[in-house]
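Input: a single structure, listed below in structure tokens.
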Amino acid sequence: MKTPIILVFCFFLVCTSAQSQNITIDDRERVSIGNKVSHYLDKSKIVTIHEAEKINKFEKSKVEVPNFGIARGNVWIKLVITNKTNQSNYLLEIAQPTLDEVVFYDTELDTSIVQGDKFPFYQRDHNFNHFVFELNVKPEETKTYFLKVNSSNQVQIPIYLGPHKKIEQSNQQLNIVMSLFLGLMIAMILYNFVIYFFIRDNSYLYYVLYISILMFTQLTPHGFTFQFFWPESPVFTQYSMFLFPISVGVTGILFFNSFLQTKRFAPKIIWIFRLLFILYFVAIILVITNELKSAYMLIDFTAMTVALTMIVGAIMILKRGNKTALYFLLAWSIFLVGIVLWVLKDTGVLPFNNYTNYTMLLGAGIETILLSIGLANRINVYRKENEQSKLNEIKVLKENKRLISEQNILLEKKVKERTTELEQVNSELENALESVIKAQNKLLESEKMASLGQLTAGIAHEINNPINFVSSNIEPLKRDLKDIEMLLDKYEEINEENIIEKLKEVKEFRDEIELPYLKKELSDIINNIEEGARRTSEIVKGLKTFSRDDQKSKVAAQVNSGLESSLTLVQNKLDHINTIVELGELPQIMCYPGKLNQAFMNIIVNSIDAVKSKFGNKDGGEISIKSVYNKQDETVVVTIKDNGIGIPQKIINKVYDPFYTTKEIGKGTGLGLSIVYKIIEIHSGDIKLDSEEGKGTTFSLKIPVNS
């Protein structure tokens, strides 16, 4: 009879001890009490506080930080606290700011306090990033409290007990650590962002995006972003635990590809990254559909795959000659160690403490610094590789400077000659008609040469651009030809005795130099050189067409050729001006080609000046050039239209007067349109002017095919 009674009594003791443990407040320090509480998992999420008080299935916590993983349900925590001090100002702290909901129940007072990152931050009684609740336990008093916790993320519950001052000090220390990390990351972001604007290397832009998102990714699990950045956005805070890791993975891949030139050194890895992008996209869909547990697991798996792929890829790229990969390997390895320690802490393999809680933060900081050093080192590598091409560019620039200097001398000479001729013409104006005609002809030629002289410096620059295009491709062409030559040498080494071995060696060398990519690059280089030569030929042809000497009698010529050569010579002046060219099918006309070219040039230059006076260096300016053949009266009509400042109606009748100009001194002679009028007149043609102030000007030149 005694045995059953003893068993019942023992069972009662076991149940009682499992349901509650006494937590004694006997000092004034912040202490961990996670191993002194009891917990119960309510998978149904329907248990109320009154039902929880009656449950006898609470289990004693065996670890200092209870860890429930991604729990589908409510976790109930029971605390029985006895105050052995003479103070009553004690706080209960839940040092896990990513929990969605934490409800604190005081069963004696029948009150509850609700906190969590699903509620705005201002609802908290204390301005701490952790969840803090006041314990109203008087000296020598014992009270029972309950906590109800649920979260879509990892449910890890570090519980601390201590005086208000000690809890506040702990929170301040955390804020100092977070602020130091934030300051470091902002400094690296600004530093690399400024460098990007100087050197325009996309690697810096991707790096700034990567570390910016990495910064928020590291601050979010510690509650720092919710407290200081978006305290009134609890929904965004909950989803940021998923979206930030996805974003940091995507930007990390983009930075890796740009920084280590994956397309050049290890193109096959790009396909793996594309598959990982798909997995990240699936994870986003899972987050949107609220399948958070599946999303959490997929994000972890994808992040692990990204990390391993980057490690393997960096080793491959390092072996293939890109020394910058060494910096990435070192930085990424340190960061990876921090991630592994963090995950081991989350899974309960490692204890939850100040060391394991900040490992990923420390790893991210060191990674950021090392990658910044690696980016700086890459600039030095590029500087050495481009040293020879820079020398070539310097030679070209010196040649360009010499050409400009010579053209300036020529321009000054032409201006002096023009001034002398103008003075002579003025002194002979009262002479006979024959003398006037001769003076007019000289004036035409002088104006043409002056226009040509003004354009020469710009033409020299235009010619220099395609020449530069050709010279900058010489070094890559030499390098690729050297690889081809080495491949051919290996083919020559093949004989009947070593054919299998040598063919294998040739195949390995073909893979090493990436022959398909090499052939494509050679084709691109040759096309670039051909394009540079073609553009140079067009400019020279345009200059020759424009400056051609007129015959004593009219000759057959093509109007479109004159328009094209004029446009080629003013190309450097067009800048932001949109040019619309519609040249129809025209027959050859009997004309003085050089004089017609001069007429076209004068009108086009006036249009450019009018557009720039209105728009400056901004977009919006437009010049339209059109040529058509009128079969009815056998004439060619050339229309030149602009949307510049236009000509006021009060002076529109003066524009053809010699020496009349509205331009500033030194920018116009007043002879341009007067010469145009004379040239069209000697071709028995007609010129029509239509202009509206502020809207633009249209010139229509009608020239007979046989004048």
Exercise for the section: Find out how many positive minus negative residues lie around N22, taking Lys and Arg as positive, Asp and Glu as negative, among other residues whose Cβ is under 14 Å from that of N22. Expected result: +2
Problem - Virtual spin-label span in nm between A187 and S333, 7 Å along Cα→Cβ - result: 2.6
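Accessible area per residue of region 119-191 at 1.4 Å probe, in Å²? It would help to have the intermediate numbers written out before the result.
Numbers: 3090 Å² over 73 residues.
That works out to 42 Å² per residue.
With a 1.4 Å probe and all protein chains left in place, how much accessible area per residue does region 260-341 have, in Å²? Working shown, then result.
Details: 4510 Å² over 82 residues.
On a per-residue basis, 55 Å².
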Exercise for the section: Work through the residues other than Q173 whose Cβ is under 12 Å from its Cβ and net out their charges, Lys, Arg +1 and Asp, Glu -1. Expected result: +1
Handout entry: Theoretical gain in end-to-end length, D619 to L515 [0.36 nm per residue, Cα-Cα removed]
Key = 33.1 nm
Handout entry: Calculated SAXS-style log₁₀ I(q)/I(0) at q = 0.27, 0.31, 0.35 Å⁻¹ - region 279-319, Debye, Cα scatterers
Key = -0.79, -0.92, -1.05
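For region 603-662, with all protein chains present and a 1.4 Å probe, just round the carbon and sulfur fraction of the accessible area to a whole percent.
Details: 1600 of 3330 Å².
The nonpolar share, carbon plus sulfur, comes to 48 percent.
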Completion exercise
In Å, the C-alpha Rg and Dmax of region 563-608 are 11.7, 36
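Whenever you get a sec, compute what percent of the accessible area on region 149-289 sits on carbon and sulfur atoms (1.4 Å probe).
Values: 4340 of 6130 Å².
For region 149-289, the apolar C and S fraction of the accessible surface comes to 71 percent.
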Fill in the blank from the handout: Rounded to the nearest 0.05, FRET efficiency between Q588 and K478 (Cβ-Cβ, R0 41 Å) equals 0.30
Fill in the blank from the handout: Packing-ranked peptide list from 93-104, 646-657, highest mean Cβ count within 10 angstrom first, is 93-104, 646-657
Practice task
At 7 Å along the Cα-to-beta-carbon direction for both V282 and L397, put a label point, then send me their distance in nm to one decimal.
Solution key: 5.3
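With the Cα gyration tensor of region 147-264 giving a ≥ b ≥ c as the square roots of its eigenvalues, does the rule (a/c under 1.5 for rounded; else a/b larger than b/c for prolate; else oblate) give rounded, prolate or oblate?
Details: a/c = 3.03, a/b = 1.87, b/c = 1.62.
Verdict is prolate for region 147-264.
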Handout entry: Dipole moment magnitude, nearest 20 debye, region 138-227 about Cα centre, only Lys, Arg, Asp, Glu C-beta charged
Key = 160
Completion exercise
Net charge near N257 (other residues with Cβ under 12 Å of its Cβ; Lys, Arg +1; Asp, Glu -1) is +3
Problem - Distant-in-sequence amide H partners of I70 (H built 1.01 Å from N, under 5 Å) - result: V155
Problem - Listed peptides 394-401, 161-168, 317-324, 287-294 by packing density, highest first (mean Cβ within 10 Å) - result: 161-168, 317-324, 287-294, 394-401
Handout entry: Distance histogram in 10 Å bins (all Cα pairs of region 39-170, percent per bin)
Key = 12, 43, 38, 7, 0
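The values are calculated or read from the model by the stated rules, or taken from the named source; none is laboratory data. Since the model is a prediction, treat every value here as computed from it, not as a measurement. Glycine also receives a Cβ, built like all others from the backbone with ideal geometry; neighbour counts cover every protein chain displayed. Surface accessibility is based on the protein's heavy atoms, side chains included, excluding ligands, DNA and RNA. Shrake-Rupley method; radii C 1.70, N 1.55, O 1.52, S 1.80 Å.
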